[in-house]
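So the structure is just underneath, and the comments pick up after that.
The values are calculated or read from the model by the stated rules, or taken from the named source; none is laboratory data. Being a predicted model, the structure only gives us computed values, none of them experimental. Here the Cβ positions follow ideal geometry from the backbone for every residue, glycine too, while neighbour counts run over all protein chains shown.
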Amino acid sequence: MKLGEIASRLSAELHGDQDVEVTGVKGIEEAGPTEITFVANRRYTGLARTTKAAAVLVEPEFPEIAAATLRIKNPYHAFSRALGMFYQAPVYPEGIHPTAVIDPSAEIGPGAHIGAYVVVGAGVRLGAHATLLPHVVLYTGVQAGDHFFAHAHAVVREGCVLGNHVTLENGAIVGADGFGFSKNEKGEWEKIPQSGPVRLGNRVDVQANACIDRATVGATEIGDGSKVDNLVQVGHGSKVGNDTLLCAQTGLAGSSVVGNNVILAGQTGIAGHCTVGDGVILTAQSAVSHDVPAGKMISGSPGFDNRIWLRAVAIFQRLPELLKRLDRVEKKLAAQDSAEQIDGDRA
């Protein structure tokens, strides 16, 4: 594909030879003379000057470099689109594998691909162009919209409702029982029935081995466009807004409420019944046990304002030095007190 064609399809401003042949897309350090790459972080400006790539996707104000540049406001997203020009995901043909077990009452829309050993329970309703890869299990009463895509070993439990263009990666579990137990009069833990389903909006992605628990009552909800990363735990009855990111190993305790456009970075945690407002960012390994107002950036565990946290971390690193200084001051003061005491005794 010619570089000029790529620029046209991306609506990017090309600085360079439009007739250069491009065969693929790679990272800035690996890209060769027939591949394009990108710079979305100014820290990599130096690598852009030395890259062997045919062209670099950059922001419009990026300085001129030896390589050709494709200038566009969002080079990272443009890189994603360019990648799609060269890489095509596998296409699964319409049809039902003979080993699939589908209840006669299930309704499957047109264009479906049902793989080997898939199980589709009673009353399931799937929209058009569903793709269920081997060993996917849909319990009784599951509903999913158009273009539902479930990778091998994904499971959706009874009564859960999924919107259009929902993707479940390998081993994702939607609607398993929430962690609900109460003690009886003997002091023994008894299971609390988990009666409420999970509801996923449109364009929700649930990555590998993530778990979204069903609710005790009501429903656990994930809003349109939100993305749930690998090994995330969403506790029963939680509500997550639209276009929110729950990154790897994040945990939401039961009845957490998370707003729209929130980013919960890796290994973050939210205690039960807490509300996190729209646009909040929890940096990696942060945890909150209190409500967080909209727009805040929180760090640390227990979490507090990121700017204060940065200063606190800087001070923490100086604690050994400060302790030594304090020790010297205390020794000096003790020596002065001793000298004054001796002078007083002589008087």
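Residue-by-condition table, conditions (1) surrounded by 17 or more Cβ atoms within 10 Å (Cβ to Cβ); (2) closer than 16 Å to Val232 by Cβ:
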{"site": "Gln267", "(1), (2)": "yes, yes"}
{"site": "Ile270", "(1), (2)": "yes, yes"}
{"site": "Gly277", "(1), (2)": "yes, no"}
{"site": "Val280", "(1), (2)": "yes, no"}
{"site": "Ser289", "(1), (2)": "no, no"}
{"site": "Val292", "(1), (2)": "yes, no"}
{"site": "Lys296", "(1), (2)": "yes, no"}
{"site": "Ser299", "(1), (2)": "yes, no"}
{"site": "Gly303", "(1), (2)": "yes, no"}
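Among the numbered criteria (1) assigned to a loop (DSSP other than H, G, I, E, B); (2) within 23 Å of the chain's Cα centre (by Cα), which one does Val174 miss?
Of (1) assigned to a loop (DSSP other than H, G, I, E, B); (2) within 23 Å of the chain's Cα centre (by Cα), only one is false for Val174: (1).
Every residue in the range 1-43 that is in contact (Cβ under 8 Å) with a residue 40 or more places away in the chain and under 27 Å from the mean Cα position of the chain (by Cα), please.
Within the range 1-43, Leu10, Gly24, Val25, Ile36, Thr37, Phe38 meet the criteria.
Would you be able to tell me the number of residues in the range 77-98 that are touching a residue at least 12 places away in the same chain (Cβ under 8 Å) and surrounded by 13 or more Cβ atoms within 10 Å (Cβ to Cβ)?
Matching residues across the range 77-98 total 10.
Every residue, every condition in (1) modelled with pLDDT of 95 or more; (2) out of contact with any Pro (no Cβ under 8 Å at 6 or more places or on another chain); (3) crowded, with 20+ Cβ neighbours inside 10 Å, yes or no:
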| site | (1), (2), (3) |
| --- | --- |
| His147 | yes, yes, no |
| Ala150 | yes, yes, yes |
| Ala154 | yes, yes, yes |
| Glu158 | yes, no, no |
| Asn164 | yes, yes, no |
| Gly171 | yes, yes, no |
| Ala176 | yes, yes, no |
| Phe181 | yes, yes, no |
| Asn184 | yes, yes, no |
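Go through (1) without any contact (Cβ under 8 Å) to a residue 24 or more places away in the chain; (2) more than 23 Å from Asp213 (Cα to Cα) one by one and return the number of the condition Val124 breaks.
Among (1) without any contact (Cβ under 8 Å) to a residue 24 or more places away in the chain; (2) more than 23 Å from Asp213 (Cα to Cα), the lone unmet condition for Val124 is (2).
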